[in-house]
Amino acid sequence: MTVSDWGAWLPTAVAEAEPDTVSLWYLGCNGFAIKGSEGTVLWIDPYVGLGDPPRTIRMVPVPFDPADVTAADAVLATHEHTDHTHGPSQGPILEQTGADFFAPDDSLSVAFENEEWLTTYNLDESQFTEVTEGDTFEIGEFTIDAVETHDADATHPVGYVIHHESGTIFHGGDTKPAENFTAVGEAYDIDIGILAFGAIGNIPDKETREPVRTKWYSTENEIVKAASDLQLDRLVPTHWDMWKGMTADPTVLHKHTQSYAYPSVLDVVEIGDRIEL
């Protein structure tokens, strides 16, 4: 991790915003800050690490220093990978704001065992809540359902359906199309769906450092299938900006979505952008 060259403007913008409905700020990678009209703030998968150069090389700026975050009611993790559960990115937010951390069991294992958040940061075990598929919990003005996703690279991923009186947001983590997405799409009226998208690239092997053809995220056809099954009104593709060798052009999805009823809108955002529900 390195010092952000953006200063404190992004966490300040979140803290000072007064949304009419719900505002979302894209943090790059798969991260979002989400703030409701009553002031509740969620951070989902915030990550300001640099990866593991030369294997994984960050391609977007570090947009904020976690110590500058003053508004947070909860941090949510979708799965255990380091760019989704990361002590240096998330521990200072929890420490500074007293926010709660919601995550599946394997993400909590990273926090408690691999990275020892409780001793590294001034945190209490009561701030941590394990979630699994089928759970429903409330954070301020938001009601959140944890749902099953499909990410074969993760050991226990979940997605979040975030309900607000203004509408519904789905964050799928690094999911690819899943068998249950048709049922999820029929059960929920999803206004904004956040899905990971990226290229198939050559990434150095962890041990040999030899290039290996690697697929971590949905391809063009896969992300559109997931969006269609989920019946998304707006698709927001993520993760395409993050890793060298895995970056992609999300604007190509305009062509891929044309023959489908869903998503109705493709909403391409860049790191630091704010969108409204």
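The values are calculated or read from the model by the stated rules, or taken from the named source; none is laboratory data. Because the structure is a prediction, the values reported are computed rather than measured. Please note: Cβ atoms are built from the backbone with ideal geometry, for glycine as well, and neighbour counts cover all protein chains shown.
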For region 63-112, which residues satisfy the criterion of being in contact with a Leu (Cβ under 8 Å, 6 or more places away or on another chain), hydrophobic (A, V, I, L, M, F, W, C) and surrounded by fewer than 21 Cβ atoms within 10 Å (Cβ to Cβ)?
PHE112
Name the residues in region 25-41 that are within 11 Å of PRO11 (Cα to Cα) and either assigned to a loop (DSSP other than H, G, I, E, B) or at pLDDT below 95 (or both), would you?
LEU27
Give all pairs with beta carbons closer than 8 Å in which a residue from region 56-67 that is over 18 Å from PRO211 (Cβ atoms) meets a residue that is of a type in the set (Ser, Thr, Tyr) and outside any loop (DSSP other than H, G, I, E, B); count only pairs at least 6 apart in sequence or on separate chains.
PRO66/SER89
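Residue check: is ASP241 buried (at least 17 other Cβ atoms within 10 Å of the Cβ), acidic (Asp, Glu) and not in a loop (DSSP other than H, G, I, E, B)?
On the way: buried (at least 17 other Cβ atoms within 10 Å of the Cβ): yes; acidic (Asp, Glu): yes; not in a loop (DSSP other than H, G, I, E, B): no.
The answer is no for ASP241.
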For region 237-250, what are the residues that are in contact with a strand residue (DSSP E or B) (Cβ under 6 Å, 6 or more places away or on another chain) and over 13 Å from SER218 (Cβ atoms)?
TRP243, LYS244, GLY245
ILE203: passes all of (1) within 20 Å of the chain's Cα centre (by Cα); (2) surrounded by 19 or more Cβ atoms within 10 Å (Cβ to Cβ); (3) not in a loop (DSSP other than H, G, I, E, B) but (1)
Of all residues in region 43-54, count the ones that are more than 11 Å from the chain's Cα centre (by Cα) and crowded, with 17+ Cβ neighbours inside 10 Å.
3
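So which residues in region 2-24 are surrounded by 15 or more Cβ atoms within 10 Å (Cβ to Cβ) and part of a loop (DSSP other than H, G, I, E, B), if there are any at all? Reasoning before the result, please.
Start the filter on region 2-24 by keeping residues that are surrounded by 15 or more Cβ atoms within 10 Å (Cβ to Cβ), which leaves 4, 6, 8, 10-15, 17, 19, 22-24.
Across region 2-24, the qualifying residues are SER4, TRP6, ALA8, ALA17, PRO19.
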Scanning for something in contact with a helix residue (DSSP H, G or I) (Cβ under 6 Å, 6 or more places away or on another chain), closer than 18 Å to THR247 by Cα and in contact (Cβ under 8 Å) with a residue 40 or more places away in the chain, does region 71-88 turn up at least one residue?
no
The residue that is farthest from LEU108 (Cα to Cα), considering only those in region 127-159 that are in contact with a strand residue (DSSP E or B) (Cβ under 6 Å, 6 or more places away or on another chain), touching a residue at least 60 places away in the same chain (Cβ under 8 Å) and not in a strand (DSSP E or B), is GLU141
Conditions (1) assigned to a strand (DSSP E or B); (2) in contact with a Gly (Cβ under 8 Å, 6 or more places away or on another chain); (3) not hydrophobic (A, V, I, L, M, F, W, C); number of the one not met by TYR262
(1)
Matching option when the condition is among the acidic types (Asp, Glu), crowded, with 17+ Cβ neighbours inside 10 Å, within 21 Å of SER23 (Cα to Cα) and touching a residue at least 60 places away in the same chain (Cβ under 8 Å), among ASP233, ASP191, ASP273:
ASP191
Inside region 96-121, can you point out the residues that are of a type in the set (Asp, Glu), under 16 Å from HIS81 (Cβ atoms) and assigned to a loop (DSSP other than H, G, I, E, B)?
GLU115
Contact list please: Cβ distance under 7 Å, first residue in region 247-262 and free of Cβ contacts under 8 Å to residues at least 40 places away in the same chain, second residue among the acidic types (Asp, Glu) and not in a loop (DSSP other than H, G, I, E, B), pairs at least six apart or on different chains.
VAL252/GLU220; HIS256/GLU220
